[in-house]
Each structure stands twice: as structure tokens, then as C-alpha cells.
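The values are calculated or read from the model by the stated rules, or taken from the named source; none is laboratory data. The shown structure was predicted, so the numbers you read here are calculated from the model rather than taken from an experiment. Here the Cβ positions follow ideal geometry from the backbone for every residue, glycine too, while neighbour counts run over all protein chains shown. The protein model used for the area step is the full one, side chains on, heavy atoms only, and it has no ligands, DNA or RNA in it. Shrake-Rupley method; radii C 1.70, N 1.55, O 1.52, S 1.80 Å.
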Amino acid sequence: MTGKQEMNSHRSGQVFALVVEPWRALPPTVRLLIFARAVNRMGAFSLPFLAALLVQGGQFSLPDVGLLLGLFGAATIPSRLLGGMFSDRIGPVQTMVAGLIGCAVFQALLGADLGKAMTIAAVIGLGLAFELYEAPSQTLIADLTPEPTRPQAYGWLGAALAGSAVAAGLLAAATGSSNLHILFLIDALTCMAAAGLVGWQLRAVAVPEQQASLDSAARPWRDPLLLGLFGINTVFASVYLQVPAVLSFSVLRYSAPAADAGLLLALSAAIIALGQPILQRGPAVLRQPLSALIWGYVMVGLGFLASAMSQTIGQLAWAIVVASVGDLLLLGHAYSVVARIAPVQARARYFAVYGTSWGLAAMVSGPTMTALLETGGSARYWFVAACAAFTLAATQAYFNTWIKRALK
């Protein structure tokens, strides 16, 4: 072997160790949980075609589809809350399996095309089952992972979901011209596969003894620390959820095809997925949950500001890189803070309440985005989003003093 080959082999070994060693450091049950969640997310490539499926048969008009999609989104809010309640009452594994089976059943009903009334029921039922998995999976990670390594575990969960989102997009692009009903049937099968994996492999997971009884005294909606985090994340999610759509408008400014926005989103997902092991070797200040949240909002704000000022698609790509580094910092740390402030017996309900901030944001972000785009185009949106991110960084810094005082 030549010297150059030895050097390349050494570098390859370093990269392999950088990625694999932090992953192997996670508890085996946590790795399995993350893998099952990624499989389920990758299988959800049919959801972007839900509107097209509803219109395709001629039974629903566009206004009808808009109403149905709104009902689906609204149903995900109680879904997440029910997931937290059931997880604390009957156990996280049982709740996850029930949610995955529910998704499989309603996806299969959509794929079977059993008529207008059944389609409406299936869409609403899918929304009610769709988020049952979230709070129990986040709770299990908190239960099975020591506190110092929770940010890494949640970071790996987010990185796996980001990578699965890229794979789901590729699957959607490759199969989007097929019969849409078949796509939903395939998705139903992936949900059942994930349910089987979770139910069989995690059936013997020991729940911490102090979680055996439901803490009826816990009131997450009355916890000022949780409500503060809820408010901050609602504002952030209201901006973040519209980034894919705004990117499509942004690339049009440079006479580039709107599909190039998909490449930028894939770049962002790759940074989040591949950056997680690098972050774990980075400066200590970026591995502390509270300080990482501040710097995360700052980096997102800088990325959005650069997007507003970009003049070429290349500059926009660099701006998205900066914002994605901010996403990477935010990824696992917010859930770590929620796990830290929640009573052990009520973690799932705390995660469920915190997670509803995304549903609330989904309801208000669309009208906000369209208003900004109509008045000033994508540049106006990026600038307002940057101001929001910088404000969140300052708010988080102030709120951190309250959290530290309460946790002493």
C-alpha cells in the first residue's frame, strides 16, 4: 500500500469512527427506537400526495380538500396530547404500537378508496393516530438515557428523521407517477412493520419504577417553565414550517427551477444528519442544552438574514448551510430541557404539551407567510424570520436564568 493510500485509509477510518462511535455509545434500545422511527418516517412518503389523492377521484373539490387537510392538521393536536396521556397510563411501548397500527389502518382505508364518507373518516382518523408515537418515543429516550447524553440521543433522533426525510423525498419523486392509492397501501405496510419492530423488540423494556403510577398532581399546562418553552417554540415553528415553501419562491428570483429548492432542502437535511457526530466533539458550550439553544437561534437568524440578502442561488445555498447549523444546535437540546424540567411520572404529558406548539404553529404560519410574500416577496419573509430568530435568542437567554434558578 502506498503512502497516499495509507493516508486515505487512515482518514476513512477517522470519519468512520467519528460517525459510528457516538452512535454505538447510545443504549441498544434507544438505537432500536430511533431506527424504527426512521423506518416509519421514510415510509411516510405518501403524505405529500394526500391532496392529490383526494382530488384525483373527482369526489372532492379544491375547497373540500383544503377543509379536509385543515381537519387532518387539527386532529394531530389532540393526537399528541392523547399520546402523552396514554403513555403515562398504559406505557410508552403500548402507545407507540397502537399509534403505528392506527396509522396503518387509516392509510390502508385511504388506499382502498371505499367512498367519500370513508375517505373523510380515514383522513380524520389518520390525523388522530398520526402523533400518538411522538411523546412516548421522546419519553422512552429520556427514561433510557442518562441525563448528560440525552442531547446526543435526541440529536441522533432528529438526524435520523432528517435523513429519512431525504429518502422519503426520493421515494416520492420516484413513485409519484404511480397509482396514488398504491402509495398509501405501501405506507400502511411500513407502519405495520414499524409497529412489529417496536412491539417485539421493546416489549421487555423496563419502565423506571417511579413511573409506575400516574402523577395526577402534575399539571403541564400550569408549569411556567414548560409554557415558556412552549411559547418560544411556537414562534420558531411558525417560521420554520414555511421554510420549504419560501425556498421555492426564493429560487425563482434567480430564474432557477422551483425544483432546485428540493436540492437545498436535501443539503440542509444532510448537514443535520452528518453534523450530529461532529457536534458531539465540538466546544462544550455548544453541548450544553441551554446555551446551545441560544446559539442555535442566533445561527438560524444569521442564515435567514443571509437568505434575505442573497443575490445568487449559490449565496442562498450558503445561507441555508448557516441556518442548518442552527437547526443542528436546536435539534436535541430543546427536548433535553423539557425532560429535565418534567416530573418523571409526567414526562410523556410534558412532551405532548410541548409538541402541540408545532400544531398551533401550523395553523398560523400559512396566513403569515402568504401575507409577507404578497407585500414584499421572499426577501421580506427572510428578513422578518431573521428578526424573529434573533428575538428568540434574546428571549431564550433571559428565560434560561429562570430555568437555572428553578432547577437548583
For region 81-103, enumerate the residues that are of a type in the set (D, E, K, R) and open to solvent by 20 Å² or more (accessible area, probe 1.4 Å).
Arg89
For residues in region 351-381 being at pLDDT 85 or above and farther than 20 Å from Thr234 by Cβ, which is most open to solvent (accessible area, probe 1.4 Å)?
Arg380
Arg405: passes all of (1) closer than 15 Å to Leu226 by Cα; (2) open to solvent by 60 Å² or more (accessible area, probe 1.4 Å); (3) at pLDDT below 85 but (3)
Quick check on my filter: what residues within region 168-204 are at pLDDT below 70 and open to solvent by less than 30 Å² (accessible area, probe 1.4 Å)?
Ala168, Ala172, Gly176
Could you check how many residues of region 104-119 are modelled with pLDDT under 90, among the aliphatic types (A, V, I, L, M) and open to solvent by 10 Å² or more (accessible area, probe 1.4 Å)?
3
Test Pro63 against the criterion of being in a helix (DSSP H, G or I), without any contact (Cβ under 8 Å) to a residue 40 or more places away in the chain and either touching a Lys or Arg at 6+ places or on another chain (Cβ under 6 Å) or more than 30 Å from Ile182 (Cα to Cα) (or both), and give yes or no.
no
Where a residue in region 102-123 is in contact (Cβ under 8 Å) with a residue 60 or more places away in the chain and more than 24 Å from Gly83 (Cα to Cα) and its partner, wherever it lies, is open to solvent by 40 Å² or more (accessible area, probe 1.4 Å) and outside any helix (DSSP H, G or I), with Cβ under 9 Å and at least six apart:
Asp113/Gly57
Before we move on, is Pro148 open to solvent by 20 Å² or more (accessible area, probe 1.4 Å) and free of Cβ contacts under 8 Å to residues at least 40 places away in the same chain?
yes
Pairs where the first residue, in region 331-350, is open to solvent by less than 10 Å² (accessible area, probe 1.4 Å) and the second is among the acidic types (Asp, Glu), C-beta under 7 Å, 6+ apart
Ala346/Asp88; Ala346/Asp215; Ala348/Asp88
Being part of a helix (DSSP H, G or I), open to solvent by less than 60 Å² (accessible area, probe 1.4 Å) and either touching a His at 6+ places or on another chain (Cβ under 7 Å) or modelled with pLDDT under 80 (or both) is the filter here, so list the residues in region 278-295 that pass it.
Leu279, Ala284, Leu286, Pro289, Ala292, Leu293
For Leu54, all conditions in the list (1) modelled with pLDDT under 70; (2) open to solvent by less than 50 Å² (accessible area, probe 1.4 Å) hold save one; what is the number of the exception?
(1)
I'd like the full set of residues that are under 21 Å from the mean Cα position of the chain (by Cα) and acidic (Asp, Glu), limited to region 96-146.
Glu131, Glu134, Asp143
